[in-house]
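Beneath this line is the structure, given in structure tokens, with notes to follow.
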Amino acid sequence: MRPFRFLFIPEVLFDLLPFLPVTLMMFAGSVFFGSLLGFVLARAKVRGRKVSGILADAYIAVMRCTPPIVLLFIVYYGLPELLLSTIGLDINAIEKGIFVLVTFTLLFGAVMSEIMRSAYESIDKGQWEAAVSIGLSPFQAFYRIMLPQATAVALPNFSNVLINLMKDGSLAFTIGLIDIMGKGNLIISKNFGAYALETYMALALIYWTLTLIIEKSFGYIEKSLSRGKRSIAE
Amino acid sequence: MLELKNIHKSFNNNEVLKGVSIRVKKGDVIVILGPSGSGKTTLLRCINFLERADKGEIFFDDLRVNIRTASPADISRIRKRTAFVFQNYNLFNNKTALENVTEGLITARKVPKPEAIEIAKKALSKVGLSDRENYYPSKLSGGQQQRVAIARAIAVNPDVILFDEPTSALDPELTGEVLAVMKQLAREGVTMVVVTHEMSFARDVANHIVFMDGGVVIEEGSPDEIFSRPREDRTKQFLSRILPVWDYVI
Amino acid sequence: MDLNIRYMIDTFFLALTGVPVTLSITAVALLVSAPIAFFMAISRIYNIRIVKQVVSAYVSFIRGTPVVLQILIIYSLLPSWLNAMIKSLSWDINIFDMNPVIYAYIVFSLNTCAGLSEIFRSALLTVNKGQLEAALSIGMSAVQAYTRIIIPQAMVSALPNICNLTINLIKGTSLAFMMTVKEVTSIAKIAASYGYNYIESYLDILIIYILLCSVIQALFALVEKRIGSYKTLTGSAAKAV
Ligand SMILES: Nc1ncnc2c1ncn2[C@@H]1O[C@H](COP(=O)(O)OP(=O)(O)OP(=O)(O)O)[C@@H](O)[C@H]1O
Ligand SMILES: [Mg+2]
């Protein structure tokens, strides 16, 4: 058995890190579009309109059962054909990143909508009523009173799902996206399989750091939110 | 000034308001009495469009609104002329006492911030809470929270304030402080519609009493008429249950 | 877009033959990690030195890294390790002939340990300390107190989370194809590569996962009803008084 070469890890980190922006951009894009989708879905459920509520429910239930890799492949193979046959758009030559974005937007939207909905529903309806009763418009009541409170409730869950999204995003290399994972695999095949373990370890270190950053910064935000309240009151 | 005409409201085939009409003049303190489930809360909520009545009209001076066809602009106009004090206070949890009071001024009425703060401070001092301006609701007692809620209501200078059992969630020793504030407002000529079970408040402060049961107004009149010479059997029955015997004397 | 329905139906039933493997990975991972996770949780609750630090670091690492990396790491590590071990024991097994599902068992057990220990920890913490004291005060041993009083109560609050973990575990097993395990995903994937019927295959896989997860959710709902009944029973008894 070939001995493990520790020093290869910092070496390969230098080759991997230039591709971190790709990973982060996919992540940020999925968070942004997924949150928009999540908002639409959560709104459909909260409003209690029959048809759109049921559709949102069904969508969320399906996504809950869908392995990310399966959806990624369905989007990768299915989306070009779907667009070609419906609106005649040929996206076969398109950036791989688009497929990744679409996939994780679809997945993250479902997760996000559940967090938004449960946070919103945990806020007493009386808060909204009090706001409109002193003349705020329904939008102002939502934006100024409900949203800040719901956000505070959602923070711990939000941190969790961001971490999961970050980790699931590592699958993008399976359709050929060159993010840190993709680059790692390129390096391994360039070395004819040597130092595979060291490369994977380096990748694990990067992901571990990223999730710790997410976790710690949310912990910090939560703490400072509750601290702010106490210090002003006392 | 404010007139409700023939308000109807059902919750899934259960008709809760069966044609209620009420007239409020400027400076009136109207107390609505009635057994539990008679539709008092629902009526107040319909005035403020927290509940949308099925049928009826609301006249606010020259503003005439048919509830069924009311536009969002109509609703907003009516809400800006009324304020609501809730049974469970509903202070904004994410805002301090002062911010609770300025919110309606700054956001809904576009009052400049310094001016809003000045108005809010006056309102808070009126309810005796100047020293609690920067407290969050979770750090206030129930009675204090309700007084902030009243300050929030008077700060926006509404034509009429609607109170839904403002003291019923409070311990007996805290109801006094809230009732005192309401009495003070009545003396200053603030128009109020109050749902309450506090009979002493009804008798001493109200100038008009409305007795409701089963979604209709059974009887109305001055406190003296209602308490000393009730005409309807249901009113008598209700009062005999709620008033201790000695309350009839005097 | 036209789907090859005939192919889709055939592949659906072909892929169904992978369900036992998918389920066996799930079941083994859960069963192996349950006792280990329990002791990991206890070690953190009772602040057992060193053990606690090691467990925390382990949980943090597993939580902080993608399953796919855990698979790749273990798959490039384990075979040679096992080989060396077997050689030193001079057993007569060729490690490279072994069913690769063993690796899946190992990866997903390691992974599940971390998640399950976190669930156990927070569930045990929800049980009032007075429960343990009351049990000890009437002469139960610590083990009895745990098995008869604490764990049954903790289970009630843990179940929804365990259900979530199980669903995620099942979904995660779709990555076992990377270790050449013949489970649902890999069977359908291989079928697809013959005729390029990728979409049909992946839709088949999706349907199977939806079915599997629905069954699991229904089962958990059933168990939750049975186990949680003590709450509603005391509730109604309290009302009757
Ligand atoms: N949102 C709702 N959905 C369905 N039914 C409702 C709703 N709100 C009120 N009701 C019903 O309408 C009836 C009148 O309720 P309302 O709250 O107006 O009574 P109330 O006179 O205020 O009683 P209380 O003195 O107990 O506060 C009750 O029977 C109640 O069950
Ligand atoms: Mg009421």
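What to note about this one:
- Pair list, Cβ under 8 Å, 6 or more apart: the stretch C:176-195 residue crowded, with 20+ Cβ neighbours inside 10 Å, other residue of a type in the set (Gly, Ala, Ser) and outside any helix (DSSP H, G or I): C:Glu183/C:Gly18; C:Val184/C:Gly18; C:Thr185/C:Gly18; C:Ser186/C:Gly18; C:Ile187/C:Gly18; C:Ala188/C:Gly18
- Candidate set from the stretch B:25-47 (those that are surrounded by fewer than 23 Cβ atoms within 10 Å (Cβ to Cβ) and under 19 Å from B:Arg77 (Cα atoms)); member that is farthest from ligand 1 (Cβ to nearest atom): B:Lys26
Here is a yes/no grid of residues against (1) touching a Phe, Trp or Tyr at 6+ places or on another chain (Cβ under 8 Å); (2) farther than 30 Å from B:Tyr89 by Cβ; (3) touching a residue at least 12 places away in the same chain (Cβ under 8 Å):
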site: A:Glu121; (1), (2), (3): no, no, yes
site: A:Tyr143; (1), (2), (3): no, no, no
site: A:Ala150; (1), (2), (3): yes, no, yes
site: A:Pro156; (1), (2), (3): yes, no, yes
site: A:Asp168; (1), (2), (3): yes, yes, yes
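- Residue in the stretch C:100-149 that is nearest to the chain's Cα centre (by Cα), counting only those that are under 26 Å from C:Ser56 (Cα atoms), of a type in the set (S, T, N, Q) and open to solvent by less than 60 Å² (accessible area, probe 1.4 Å): C:Thr112
- Qualifying residue in the stretch A:121-128 (condition: under 30 Å from C:Ile216 (Cα atoms), within 14 Å of chain B (Cβ to nearest Cβ) and of a type outside the set (Lys, Arg)): yes
- Residue count, the stretch C:82-119 (criterion: out of contact with any Leu (no Cβ under 7 Å at 6 or more places or on another chain) and closer than 20 Å to C:Val67 by Cβ): 13
- Selection count, the stretch B:48-79, where residues are surrounded by 16 or more Cβ atoms within 10 Å (Cβ to Cβ), in a loop (DSSP other than H, G, I, E, B), more than 16 Å from ligand 2 (Cβ to nearest atom) and within 13 Å of chain A (Cβ to nearest Cβ): 1
- Among residues of the stretch B:176-208 being more than 16 Å from ligand 1 (Cβ to nearest atom) and of a type in the set (Val, Ile, Thr), the one that is surrounded by the most Cβ atoms within 10 Å (Cβ to Cβ) is B:Val178.
- Long-range neighbours under 8 Å by Cβ, at least six apart or interchain, first residue at the interface with chain C (Cβ under 8 Å from one of its Cβ atoms) and under 15 Å from C:Leu175 (Cα atoms) within the stretch A:53-78, second among the basic types (Lys, Arg) and part of a helix (DSSP H, G or I): A:Cys65/C:Lys171; A:Thr66/C:Lys171; A:Pro67/C:Lys171; A:Pro68/C:Lys171
- Residue check for C:Ala57: of a type in the set (Gly, Ala, Ser) and under 17 Å from the mean Cα position of the chain (by Cα): no
- Verdict on B:Asn100 being within 16 Å of ligand 2 (Cβ to nearest atom), in contact with a helix residue (DSSP H, G or I) (Cβ under 7 Å, 6 or more places away or on another chain) and within 30 Å of B:Ser200 (Cβ to Cβ): no
- Residue in the stretch A:112-129 that is polar (S, T, N, Q), under 22 Å from A:Asp57 (Cα atoms) and open to solvent by less than 50 Å² (accessible area, probe 1.4 Å) present: yes
- The one condition from (1) more than 11 Å from every other protein chain (Cβ to nearest Cβ); (2) assigned to a helix (DSSP H, G or I); (3) not small (Gly, Ala, Ser) that A:Leu177 does not meet is (2).
- Members of the stretch B:1-21 found to be of a type in the set (S, T, N, Q) and within 16 Å of ligand 2 (Cβ to nearest atom), listed by number: B:Asn14
- Residues (more than 8 Å from ligand 1 (Cβ to nearest atom), touching a strand residue (DSSP E or B) at 6+ places or on another chain (Cβ under 6 Å) and open to solvent by 10 Å² or more (accessible area, probe 1.4 Å)) located in the stretch B:10-21: B:Lys18, B:Gly19, B:Ser21
- Residue count, the stretch B:80-91 (criterion: more than 7 Å from chain A (Cβ to nearest Cβ) and among the charged types (D, E, K, R)): 1
- Taken over the stretch C:34-91, the criterion of being in a loop (DSSP other than H, G, I, E, B) and open to solvent by less than 40 Å² (accessible area, probe 1.4 Å) is satisfied by C:Thr65, C:Pro66.
- When the stretch B:147-175 is filtered for residues that are more than 16 Å from ligand 1 (Cβ to nearest atom) and of a type in the set (A, V, I, L, M, F, W, C), the ones remaining, listed by number, are B:Val148, B:Ala149, B:Ile150, B:Ala151, B:Ala153, B:Ile154, B:Ala155, B:Val156, B:Val160, B:Ile161, B:Leu174.
- Count of the stretch A:145-173 residues which are surrounded by fewer than 19 Cβ atoms within 10 Å (Cβ to Cβ) and facing another protein chain (nearest Cβ under 8 Å): 2
- Among the residues making up the stretch B:209-229, those that are more than 16 Å from ligand 1 (Cβ to nearest atom) and not basic (Lys, Arg) are B:Gly221, B:Ser222, B:Pro223, B:Asp224, B:Glu225, B:Ile226, B:Phe227, B:Ser228.
The values are calculated or read from the model by the stated rules, or taken from the named source; none is laboratory data. Computed from a predicted structure; not experimentally measured. When we count neighbours, we look across all protein chains shown, and the Cβ atoms used for this are built from the backbone with ideal geometry, even at glycine. Note: accessible area is taken over every heavy atom of the protein model, side chains too, but ligands, DNA and RNA are not part of it. Shrake-Rupley method; radii C 1.70, N 1.55, O 1.52, S 1.80 Å.
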